[in-house]
Each structure stands twice: as structure tokens, then as C-alpha cells.
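The structure appears below as C-alpha cells.
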């Protein structure tokens, strides 16, 4: 056992923890046979009416059992892309809607935040001028913008994209500005003595130098965007994983709700891994 | 007015960082001829790096002027290559890319092959042919500094400014690179202005050593002409009869005399001061 690496041992332990959790789940949700004391004293006709047999009864937990969960997973994942009208779409389609909204909002935020962050990072004057606005706008919950978005845009789907945009823009903006402002002075002096043109300087020196910080901002933004999209879709409805989750709650299908929760977690993890890879690709050892 | 033959001329340069406080240095006057290797020595805080930055065009002096080839130095220029104290290589570029970046800046019309060839030539000159695809983080301190030197030489500047380039290197590596620098400079007849703390380095490399008094109110106290023969070698340097007079003169200055001018300067007794010209070890001292 000792020869296995920490990573392998960790993985084994993870599986054990999962199995234990599933075990507890199974025990807690298992149907219980309980003796029914009322049956001994009360009217047997009344009990029959209430669907309770004499003497003992089987008490079912409201929480889905593992078997039920397995069925839900199987059903949902075997047809991820079915489309039976507005309230009944496969999980793949719903996730695709959410990802498309997040992707669009995030891209828009990038288009605005990175050039603007560059400007603020390069010019102390611009930084001083815009900083108060950024500091006030940054802590606002993105969902607080929803009424204004709905009123001005008049389209729930685009409002969702706007909410993603507004929540992604701040970490990217601030990180870009910080990264650009903190490029080592030595490197800037090199570009000065080489009389490098402003464009070459921006793209070949400042951008690569600030790239790791910018990517950190993008990774934080993506994390927040994925958190916010679920809430936003619950609010505006129609399509998306957030709407799916809320819809299944209205159907009182807890197994589908749990399934949606796990899917949200998995996709969020994959997004984070992707950004971690990107981050590694642009980072450099000093 | 500028005379045709003075390559670089500095007139009455002074710098103070805060208004009202005494200037770091003042009344700095010197000239450098084409092809000359000039070292400047002084204690920390006398403004050596500031003078170099003024010559590089990276910093403005509070007062006074610096001219190169009769033109006032205003802002950085490709005519003056700088080797920085820290190596200042772009950490995300390979060694070759770092040099090529500089070459492309100097010769924007060249094609890729020309740029690569030119860059490789200068990397070969500092003995870095096999490291061209490495990132700076994979290199030792000495190798990084060589890349910095190759980059500065590759733009073929009219003048080279070196800010204590070997300060962070161990003695062995320093010796090797000093030899290389000496060789390259004698081959290319490069004009060099270099800051150093190392007296032996100054004796080995330079034709002329400027000694600065302590700051604030620092001045160039003496200009020492190197009395050792031109073809100096690191290995035989200390056997030269001129070596000890030279070395003793420099060390004596740093230990004893560097404070004297500061006291007079802060009392305002040094207006119009001209540095003393000395030739240690020679019987007939030249005075100006």
C-alpha cells in the first residue's frame, strides 16, 4: 500500500467516501416497516380508508431512493437531447442553452473588459477616474440588474445574457488592469530603449506579461457566471438548466432536481478545468 | 557648443528627486570619445544608475544636458543599447526570441530569416548557440546576463550602457563574461559606459575610470586614466607593474577620499569644480 502514490491513494479514498455516502443515503431513504400503534386501538375501518393495513405499515421516505436516482440518471442520460415541447426537453438541450448564454455573456464581457482593463491599467488617470464607479458597481448582485434588463431589453433570454455579462465583467476588468499596471518596469524600459511601437509593445510585451493575471480574472468570472446562470434561469424561465431544475421542483420530482444539481456541479468543474489548462498555457516562470 | 570630435558630452548634470532636498549629484561634466570604454565607480546612492538612465533617455535630469554626437539626448533611442542590472529578458520568450525581438525593433524591414541569422550571430558571440531555444528561467544567472549582452550588441548601437551587469554573478562566471566582453568590445570598437562596484573589473575593462564622491551632492571627483597596457588579460593583470599603483589609487579613493567632496559640496564650496585627471603609477601627473 505504501508504494502507491499519494494521488492513487487519494483516489481510492475518494471512492470509499463516495460509497459510504451512498450507503448512508440508502439507509436513510430505505422504506421502513413500522408497527402502527394506532392500529391496535383505532377503528380498523378508518385505517383501511387511510390505506394502512392492520398492525404494520410501510413508511416511504419522501427523498428518492438510490434505485429511483439510478432510474432518473438512466432515463435522462440515455436521451439527453429529446424535445417534447417547451416544458419537456432533454438535459443536454437545457445545458446547451445555459452554456450558450454563459458563453455569449462571457464573450461580450471579454470584449469590453480586456481592452478597457488595458486602458485603465496603462493610464493612472483613467484608473482614478473609473475606479469609484467600478467599486460601486462590482458588489451589486448581478440578479439585481434583472428588472432593469427586462424593462430595457424586453427579452428574457437576452436579459439572462446581460446578467452573465454584468457579473463576468468585473473580475476580468480588475485583473486585466492589475496585470497591465504591474508589468515589470525593467521590461518596459527594454521596450523603451528598443523604441518599440505602441502596438508591438501592447501585443508582444504587455499582453503576454499580463496574460496569467488576465486568465485568473477570466477563471473567476467563469466561476461566477456559472453560479449566476442557474439563478437567472430560475427567474426568467423558458429554457436552461436553472429553469429545468425549478420546473422539476414544481413537478415535485426530487430525483430530477438532484440529477440537475449534480449536472451543474459536473459542468462547472469541467469549465474550471478548461480555464486552469488555459491559465497554465499562458503562465511563465520568472 | 559641441565640438565635432566629442562623441558624448555631459554638461553640468544634476538631479534632485524632491524639491528643496539636496541633489543626489550635481555639476557632473564629462566627455567620452568614440571607441572608449569608460567605467564609473562610486558608493551606493551617488546616482550612478541615474546618470546612466539619463544617458539612456529613460530618466530626465533636473538640470544640465547630455549630448551624443552633438544632439541632445531626449528619450530612449536605438542608438544606445542598455544592459540592465537585472537581466530584463522577457520570461515568456526563448533566448532566440528575446534577441530577435530587439533585432526586429532595429531592422523592421528585415525578413524572418535575416533576423534569425543576425540574432544567432550575436548569440554565438557570447557562446550561447546551444541555448537558443531555452526560456530564461532555464538558464543560469551568467547565461541570462549573456543573453542581455547579446541583445544589446545585436542592435549594433553607437554606444553601449551597462548598469552593473555582473553584480549578481559569482566570481568565476564574472571572469569568463568579462573576458568575452573585452574581446567583443575590442573587435567591434564599441563605445561603452559601464557602472561597476568592482575595482578589478574596472581596471581590466576600461580605458578611463570616473570616480564619484558620495551622494547626496555627489560629483565626479577624479577621472583616472588606465595606465595599464591595452591588451590586458585577466590572468596576467595582477603581474603588471602598473596594477598595484592603479588599484591602490582606486581603493584609497573609495575608502578615504570619497567623503571629502561631499562635505565641501553641501557647503556650496564646489561651484565650477572640475574633476582631477590622474594617471596612477606615472611620474608626471597630468592636471587640468
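Which ones in region A:192-203 are within 8 Å of another protein chain (Cβ to nearest Cβ) and in contact with a helix residue (DSSP H, G or I) (Cβ under 8 Å, 6 or more places away or on another chain)? Before the answer, list the steps.
Taking region A:192-203 first, the residues within 8 Å of another protein chain (Cβ to nearest Cβ) are A:192-196, A:200.
Once the filter is applied, which keeps residues that are within 8 Å of another protein chain (Cβ to nearest Cβ) and in contact with a helix residue (DSSP H, G or I) (Cβ under 8 Å, 6 or more places away or on another chain), region A:192-203 yields A:193, A:194, A:195, A:196, A:200.
Please specify each residue of region B:222-258 satisfying the condition of being surrounded by fewer than 12 Cβ atoms within 10 Å (Cβ to Cβ) and over 21 Å from residue B:171 (Cα atoms).
B:229, B:230, B:231, B:241, B:255, B:256
Please go through region B:224-241 and pick out each residue that is in contact with a helix residue (DSSP H, G or I) (Cβ under 9 Å, 6 or more places away or on another chain) and closer than 17 Å to residue B:211 by Cβ.
Once the filter is applied, which keeps residues that are in contact with a helix residue (DSSP H, G or I) (Cβ under 9 Å, 6 or more places away or on another chain) and closer than 17 Å to residue B:211 by Cβ, region B:224-241 yields B:224, B:226, B:227, B:228.
Which residues, counting only those in region A:210-260, are within 14 Å of another protein chain (Cβ to nearest Cβ) and buried (at least 21 other Cβ atoms within 10 Å of the Cβ)?
Applying the first criterion (within 14 Å of another protein chain (Cβ to nearest Cβ)) to region A:210-260 yields A:210-215.
Answer for region A:210-260, where residues must be within 14 Å of another protein chain (Cβ to nearest Cβ) and buried (at least 21 other Cβ atoms within 10 Å of the Cβ): A:210, A:213, A:214, A:215.
For region B:147-183, which positions are part of a helix (DSSP H, G or I) and buried (at least 18 other Cβ atoms within 10 Å of the Cβ)? Even if it seems obvious, please write down each step before you answer.
Our first condition is that a residue be part of a helix (DSSP H, G or I); within region B:147-183, this holds for B:147-154, B:171-183.
Within region B:147-183, B:147, B:148, B:149, B:150, B:151, B:152, B:153, B:154, B:174, B:177, B:178, B:181 meet the criteria.
Filtering region B:17-34 down to residues that are in a loop (DSSP other than H, G, I, E, B) and modelled with pLDDT of 90 or more, which residue is nearest to residue B:265 (Cα to Cα)? Write out each step before concluding.
Here is the first cut: in region B:17-34, the residues in a loop (DSSP other than H, G, I, E, B) are B:17-24, B:33-34.
Filter once more, so that each one left must be modelled with pLDDT of 90 or more: B:33-34.
Numbers: B:33: 28, B:34: 31 Å.
My answer is B:33.
Looking at (1) more than 29 Å from residue B:201 (Cβ to Cβ); (2) in a helix (DSSP H, G or I), find the lone condition where residue B:99 falls short.
All conditions pass for residue B:99, except number (1).
Taking residue B:87 as meeting all but one of (1) within 23 Å of the chain's Cα centre (by Cα); (2) over 24 Å from residue A:203 (Cα atoms); (3) at pLDDT below 90, write down the number of the exception.
(2)
Are any residues in region A:88-105 in a loop (DSSP other than H, G, I, E, B) and surrounded by 13 or more Cβ atoms within 10 Å (Cβ to Cβ), and if so, which ones?
Kept after step one, since they are in a loop (DSSP other than H, G, I, E, B), are these residues of region A:88-105: A:88, A:90.
Once the filter is applied, which keeps residues that are in a loop (DSSP other than H, G, I, E, B) and surrounded by 13 or more Cβ atoms within 10 Å (Cβ to Cβ), region A:88-105 yields only A:90.
So which residues in region B:91-111 are without any contact (Cβ under 8 Å) to a residue 12 or more places away in the chain and either away from chain A (no Cβ under 14 Å) or touching a helix residue (DSSP H, G or I) at 6+ places or on another chain (Cβ under 6 Å) (or both), if there are any at all?
Matches in region B:91-111: B:104, B:110, B:111.
Answer yes or no: is there a residue in region A:108-115 that is closer than 22 Å to residue A:254 by Cα and assigned by TED's automatic domain parsing to the domain that holds residue A:227.
The answer is no, given that none of the residues of region A:108-115 is closer than 22 Å to residue A:254 by Cα and assigned by TED's automatic domain parsing to the domain that holds residue A:227.
Could you please let me know if residue B:209 is part of a strand (DSSP E or B) and either under 16 Å from residue B:83 (Cβ atoms) or at pLDDT 90 or above (or both)?
Values: part of a strand (DSSP E or B): yes; either under 16 Å from residue B:83 (Cβ atoms) or at pLDDT 90 or above (or both): yes.
Yes.
Please go through region B:184-196 and pick out each residue that is more than 12 Å from the chain's Cα centre (by Cα) and either at pLDDT 90 or above or not in a helix (DSSP H, G or I) (or both). Give the steps one after another, and end with the answer.
So the first thing to find is which residues in region B:184-196 are more than 12 Å from the chain's Cα centre (by Cα), and the list is B:184-189.
Across region B:184-196, the qualifying residue is only B:189.
Can you pull out the residues in region B:112-140 that are within 14 Å of another protein chain (Cβ to nearest Cβ) and either in contact (Cβ under 8 Å) with a residue 40 or more places away in the chain or buried (at least 21 other Cβ atoms within 10 Å of the Cβ) (or both)?
B:115, B:119, B:134, B:135, B:136, B:137, B:139
If residue A:184 satisfies all but one of (1) within 17 Å of residue A:110 (Cβ to Cβ); (2) facing chain B (nearest Cβ under 10 Å), what's the number of the condition it fails?
(1)
Just the residues that are facing chain A (nearest Cβ under 8 Å) and more than 22 Å from residue B:35 (Cα to Cα), please, taken from region B:76-88. Walk me through how you get there before you give the answer.
Keep residues of region B:76-88 that are facing chain A (nearest Cβ under 8 Å), which gives B:76-78, B:80-82, B:84, B:86, B:88.
Selection gives B:86, B:88.
What are the residue pairs meeting all of these: first residue in region B:253-278, first residue closer than 12 Å to residue B:219 by Cα, second residue part of a helix (DSSP H, G or I), Cβ atoms under 6 Å, and 6 or more apart or on different chains?
Between residues of region B:253-278 that are closer than 12 Å to residue B:219 by Cα and residues that are part of a helix (DSSP H, G or I), the close pairs are B:270/B:264.
The values are calculated or read from the model by the stated rules, or taken from the named source; none is laboratory data. The structure presented is a predicted model; accordingly, all values stated were derived computationally and were not measured. Ideal geometry is used to build each Cβ from the backbone, glycine not excepted, and the neighbour counts take in all protein chains shown.
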